[in-house]
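Report on the structure given below.
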């Protein structure tokens with residue numbers, strides 16, 4: 001299984017990650033190399049295995065719906081790249 | 001005169017409790033050691049000298065008044081920079097988080113503080129724990145104290161090197177596919193990966209959530225037992241943490257392995273492993289036989305699929321986990337020149353992530369994308385179940401599984417950086433334990449061409465006490481774990497004050 005430059009460009013868009021033309025080429029080559037090694041998976045006989053989402057005995061863990069102490073907005077916003085009062089500021093989504 | 005930095009946690013703890021030494025002196029000895037050798041080793045990203053001495057003074061007070069004294073009270077430790085620490089910069093080895101200061105402590109960090117441990121600082125790692133050499137750190141590679149032209153392993157290379165070089169008495173790392181055990185093997189330290197769910201992941205910056213587990217590095221099995229006992233246990237803040245009682249791991253170290261059934265999986269002794277590594281493991285098997293353990297040949301038939309399943313599952317989970325790095329709430333944000341929000345996002349993620357992280361995000365996104373999901377992700381999860389069934393069948397006949405930890409000794413810096421697949425092969429023997437969720441430990445097993453070789457002991461889920469007992473029994477009749485790299489003799493020059501950056 002090999003990945004083309006166009007495949008890489010499509011995946012990069014899904015991953016929201018800009019890649020330069022050079023990076024697209026290198027990534028196509030490297031991902032193809034990795035997928036070659038991963039192809040061995042197709043040889044495994046998985047007919048006896050049901051698909052399981054988790055190896056854990058517990059699932060859907062809930063806690064009691066009781067208010068807990070929380071962090072202050074200032075503390076939580078202290079790492080924000082850009083803010084205005086208690087809001088995060090971002091580039092406009094709509095014109 | 002013996003230096004304080006070369007004591008074990010168990011020895012130092014006894015001397016602290018008898019008040020023969022103070023935590024302040026012990027902590028200062030480690031800060032001095034960091035100042036003397038870290039230029040060579042480059043294990044630390046941040047040294048919190050003042051906070052460490054403050055912790056030490058508080059610990060001395062507790063020791064003076066016999067107040068809440070534990071096996072870790074007054075003991076200086078280092079933390080992998082993937083564990084969030086309140087008020088102390090936490091980078092995960094990434095440019096993205098260069099200035100990130102967490103608002104809270106992770107559960108393990110909190111537990112260490114409550115036990116009275118001293119935190120020396122944060123240590124280097126492959127970016128977001130992705131790598132096997134610590135060369136993927138955005139802050140430069142860490143060196144192996146046994147040969148500074150070689151890698152310490154990864155991704156917890158800083159945690160391993162700091163302990164190996166005497167810069168910390170113990171440390172915490174994280175192990176997603178071998179990131180504690182493999183650097184343990186390459187640096188002659190004891191690296192333990194607990195059972196999935198044994199230790200809370202709350203406050204561990206996520207890589208692959210179904211595989212990640214926090215584990216200790218130490219210079220003995222006894223110290224590993226002390227450290228594990230302090231961090232293990234149920235945590236309501238991590239829904240995958242297990243509500244299973246924590247045994248007294250130190251009490252379990254009886255030295256007795258008579259009748260212990262040790263399985264030797266034939267699939268782990270195949271071509272490609274260095275002869276010097278195979279010899280060390282065979283010698284270790286002979287030691288266990290002599291100690292009265294029963295050695296059995298076993299088979300883990302799906303081993304050959306492990307690496308492939310891992311390199312689908314881990315990147316798939318990583319691509320989802322790392323989607324949070326959007327430059328909006330925290331971390332790097334590139335806005336200059338961007339047309340709109342998406343454009344800003346695309347460039348932020350381009351600038352913030354290094355090549356390996358980008359590669360894995362791409363691989364994971366591909367494996368989860370429409371049209372490929374069944375062929376890759378679904379199949380990898382099914383194979384994962386087969387690997388788990390292999391181990392369940394094996395542990396029906398044996399108590400411990402023995403193997404090499406890494407197929408090679410520490411490799412040269414730069415040797416594998418251009419070949420992702422060659423780098424991935426370093427984790428061939430460690431990955432299956434993460435896929436199956438079982439526990440494992442790498443112990444100093446001997447040397448090959450002057451470099452440390454790790455022996456891996458795997459145990460069934462929640463059987464950490466069993467593998468630590470086997471590890472301790474081995475240490476009682478060998479001296480490999482007591483050997484030090486010669487680093488100190490060549491470069492140590494005593495300094496009074498740490499010159500590293502203070503936080």
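The values are calculated or read from the model by the stated rules, or taken from the named source; none is laboratory data. Keep in mind that this is a model prediction, so the values were computed, not measured. Neighbour counts are summed over all protein chains in view; Cβ atoms, including those assigned to glycine, are modelled from backbone coordinates with ideal geometry.
Structure summary
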| quantity | calculated |
| --- | --- |
| Condition check for residue B:356: in contact with a helix residue (DSSP H, G or I) (Cβ under 8 Å, 6 or more places away or on another chain), closer than 18 Å to residue B:307 by Cα and within 7 Å of chain A (Cβ to nearest Cβ) | no |
| Of all residues making up segment B:77-116, the number that are assigned to a loop (DSSP other than H, G, I, E, B) and more than 17 Å from the chain's Cα centre (by Cα) | 13 |
| Selection count, segment B:360-375, where residues are within 7 Å of another protein chain (Cβ to nearest Cβ) and crowded, with 21+ Cβ neighbours inside 10 Å | 5 |
| Filter result for residue B:223 (in a helix (DSSP H, G or I), farther than 18 Å from residue B:405 by Cα and in contact with a helix residue (DSSP H, G or I) (Cβ under 7 Å, 6 or more places away or on another chain)) | yes |
| Residue check for residue A:26: in a loop (DSSP other than H, G, I, E, B), over 25 Å from residue B:324 (Cα atoms) and without any contact (Cβ under 8 Å) to a residue 40 or more places away in the chain | no |
| Among residues of segment B:180-219, those that are touching a helix residue (DSSP H, G or I) at 6+ places or on another chain (Cβ under 7 Å) and in a strand (DSSP E or B), counted | 9 |
| Conditions (1) more than 30 Å from residue B:313 (Cα to Cα); (2) at the interface with chain B (Cβ under 7 Å from one of its Cβ atoms); (3) surrounded by 12 or more Cβ atoms within 10 Å (Cβ to Cβ): number failed by residue A:52 | (1) |
| Residue in segment B:54-62 that is surrounded by 22 or more Cβ atoms within 10 Å (Cβ to Cβ) and out of contact with any strand residue (DSSP E or B) (no Cβ under 8 Å at 6 or more places or on another chain) present | yes |
| Any hit, segment B:398-410, residues being more than 22 Å from the chain's Cα centre (by Cα), touching a residue at least 40 places away in the same chain (Cβ under 8 Å) and surrounded by fewer than 20 Cβ atoms within 10 Å (Cβ to Cβ) | no |
| Residues that are at the interface with chain B (Cβ under 8 Å from one of its Cβ atoms) and either in contact with a strand residue (DSSP E or B) (Cβ under 6 Å, 6 or more places away or on another chain) or closer than 30 Å to residue B:332 by Cβ (or both), drawn from segment A:55-87 | A:71, A:75, A:76, A:78, A:79, A:80, A:81, A:82 |
| Test: residue B:379 is under 23 Å from residue A:38 (Cβ atoms), more than 27 Å from the chain's Cα centre (by Cα) and within 9 Å of chain A (Cβ to nearest Cβ) | yes |
| Unique match (being surrounded by 24 or more Cβ atoms within 10 Å (Cβ to Cβ) and out of contact with any helix residue (DSSP H, G or I) (no Cβ under 7 Å at 6 or more places or on another chain)) among B:120, B:97, B:112 | B:97 |
| Criterion (over 13 Å from the mean Cα position of the chain (by Cα) and in contact (Cβ under 8 Å) with a residue 40 or more places away in the chain) met by exactly one of B:249, B:234 | B:249 |
| Only one of B:259, B:272 that is modelled with pLDDT under 95 and more than 21 Å from residue B:437 (Cβ to Cβ) | B:272 |
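Yes or no, residue by residue, for (1) out of contact with any strand residue (DSSP E or B) (no Cβ under 7 Å at 6 or more places or on another chain); (2) touching a residue at least 60 places away in the same chain (Cβ under 8 Å); (3) under 30 Å from residue A:51 (Cβ atoms); (4) within 7 Å of another protein chain (Cβ to nearest Cβ):
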position: B:305; (1), (2), (3), (4): yes, yes, yes, yes
position: B:311; (1), (2), (3), (4): yes, yes, yes, yes
position: B:319; (1), (2), (3), (4): yes, no, yes, yes
position: B:332; (1), (2), (3), (4): yes, yes, no, no
position: B:338; (1), (2), (3), (4): yes, no, no, yes
position: B:345; (1), (2), (3), (4): yes, no, no, yes
